Amino acid sequence: MILLKLPYPPSMNAYWLASGHRRYISKRGQLFKQAVAEFVIEWKTPKLGAVPLEITVWIHPRSKKLMDIDNCLKPILDACQDAGIFDDDVQVEELHVYRGKPIKGGGCTVMIEELTRVATETQLG
């Protein structure tokens with residue numbers, strides 16, 4: 001299991017920018033990816049390679065103001081992939097997201113585990 005305590009991620013609205021036909025990652029998105037990469041290096045986070053994954057994310061907003069918690073997921077997954085924790089976000093078979101308690105400045109906690117079981121629709125009935 002890998003546990004990451006990360007800064008508050010940019011929303012998808014602030015992650016990608018466009019200029020004409022060109023799309024690119026915003027400065028805020030680049031800074032978040034850099035912060036994740038630095039965390040991975042500092043804490044010697046192991047690399048999981050190409051195994052199936054289960055990822056659980058707790059988004060800790062900056063305030064009690066309601067926000068879409070799913071809007072932050074793609075920047076988190078992209079940053080973890082770019083930092084080398086896993087090879088590709090297509091490996092994510094299970095994804096859970098929770099609204100955590102607000103904290104000053106915001107943040108997110110990410111738990112990444114190798115998936116040992118796969119729920120199928122036939123198991124659900």
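Nothing in this text is a laboratory measurement; each read-out follows from the coordinates by a stated rule. What you see is a predicted model, and the numbers here were worked out from it, not measured in a lab. Don't worry about glycine lacking a Cβ; one is built from the backbone with ideal geometry, like all the others, and counts go over all protein chains shown.
For the stretch 1-86, the set of trypsin sites (Lys or Arg not before Pro) satisfying both a DSSP loop assignment and a count of at most 16 other C-beta atoms within 10 Å is given as K44, K47, R62, K64, K65. Each label point was placed 7 Å from the Cα along the Cα-to-Cβ direction; for K44 and T56 their separation is 2.6 nm. Between rounded, prolate and oblate, where does the chain land on the alpha carbon gyration tensor, with a ≥ b ≥ c its root eigenvalues, rounded for a/c under 1.5, else prolate if a/b exceeds b/c? Here the chain falls in the rounded category.
Neighbour counts of C-beta atoms inside 10 Å place Y8, Y15, Y98 in the sequence Y98, Y8, Y15, starting with the fewest. Compared with the direct C-alpha span, the chain from N71 to M111 gains 12.6 nm at full extension, assuming 0.36 nm per residue. Between K5 and A35, the contour length at 0.36 nm per residue exceeds the Cα-Cα span by 9.7 nm.
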